[in-house]
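This report refers to the structure that appears directly beneath it.
Nothing in this text is a laboratory measurement; each read-out follows from the coordinates by a stated rule. Predicted model, so just to flag it, every value in this text is computed and none were measured. Every residue, glycine among them, receives a Cβ derived from its backbone with ideal geometry; neighbour counts consider all protein chains shown.
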Amino acid sequence: MLILAKAMLAMMIGFILAIITGLILIPAFKKNNTRQSLSTYLKQKHKKKEGTPTMGGFIFIIPTILTVIILLLMGKIEYSINLTIIIFVFVSYGLIGFIDDYLIVKKHNNKGLTAMQKLVAQLVIALVFFCLFLISGHNPELYIHTLNLRIEMKWVYGLFLLFILVASSNAVNLTDGLDGLAGGLSLIAFLALGLISWNSSWASGYEAIAIFCFILVGSLLGFLFFNTYPAKIFMGDTGSLSLGATMASVAILTNHEVTFIIIAGVFIIETLSCIFQILAVVYTNHKLFLMAPIHHHFEKLGWQERDIVKMFWVIGLLLAMAGVIFAVWI
């Protein structure tokens, strides 16, 4: 019951602070004309969304960091190097996204950082993550706890971590195309990761990692209060890059990289739809989907935005439950 109480306290504080943060930031962003510029491919369909404030990631980033600090000062959670690594990734990738969003707002178009600039920045942070990972005593091995299988990877594990962090951050970024879609799927994923982390007693500071996940779940719930259709604010790269990389970090530090593939299934499907679309156009000169990522394909078919988001949430929830069963129960 104490575990449940801690989880509820974490989510409650995160939610309340997110609501307060949203009520402060949204009017401020509107006043300072911090508005989203839509892609030319989406302007016709999403015309009414033009001018919606962006950088909404701050609505869950700020409350999550504040709540962690509050609980540390209250002695409700213990400090650990793994918690430090997660917060470093959470804030650092959020900073990359913020710079990108800021440039988009400043230029009044949909062009912020170049793809190469983003990639280099993400790789640098991922490299720092790997260094901290080794310094903290982690072994460079793929440990599938459910199957009791250890695969020694040595320096290749560093490349593996770089790939997971960069791929995950960009997968959430690609998914952030409909009101509440990426936020809701991220909430579901972090809820599953929180439950899994609490069962990962071999990981240093596993309880603190779990509580961090639950805090973020509460903060994301508060964010969705403003982000569900019709959105009053968009997550922006500030939020999407941060969420994706942090999910991957939690999975890595708790040795649940394989489980993460299940939990992040919808994000992976969204990413693969873009890859397959590009390959189809290059090699056959025909589109595989009406538009990629795949959530826009359903829009082109005439589906309502709310229906697409609900369907993806349900799929994400089913995959998250399957991930928890695989990691904890089997």
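Things to note:
- Taking the chain as a Gaussian network of alpha-carbon nodes connected by springs under 10 Å, the highest mean-square fluctuation of the residues SER242, SER80, SER169 belongs to SER80.
- Residues with amide H under 5 Å from that of LEU290, placed H, sequence gap 5 or more: none
- Over all other residues within a Cβ to Cβ distance under 15 Å of VAL258, the charged ones net out to -1, with Lys and Arg as +1 and Asp and Glu as -1.
- The chain: most fluctuating residue of SER240, SER136, SER219 per GNM, C-alpha cutoff 10 Å: SER136
- Modelled spin-label separation between VAL281 and LYS111, with each label point placed 7 Å from Cα along the Cα-to-Cβ direction: 1.7 nm.
- On the basis of the beta-carbon distance and an R0 of 45 Å, ARG306 and ALA5 show a calculated FRET efficiency of 0.85.
- Estimated from helices alone, the mean residue ellipticity of the chain at 222 nm is -23500 deg cm²/dmol (sum of -39500 (n - 2.57) over DSSP H runs with n ≥ 4, per residue).
- Averaging the sequence gap over all C-alpha pairs within less than 8 Å and six or more residues apart, then dividing by the number of residues, gives the chain a relative contact order of 27 percent.
- Model label zone, PHE160; criterion: amide N under 15 Å from point 7 Å along Cα-to-beta-carbon; scope the range 244-283: 249, 251-261
- Dipole magnitude of the range 73-142 about its Cα centre (Cβ charges: Lys, Arg +1; Asp, Glu -1), debye to nearest 20: 360 debye
- Segment LYS31-LEU149, length gained on full extension (0.36 nm per residue, minus Cα span): 37.0 nm
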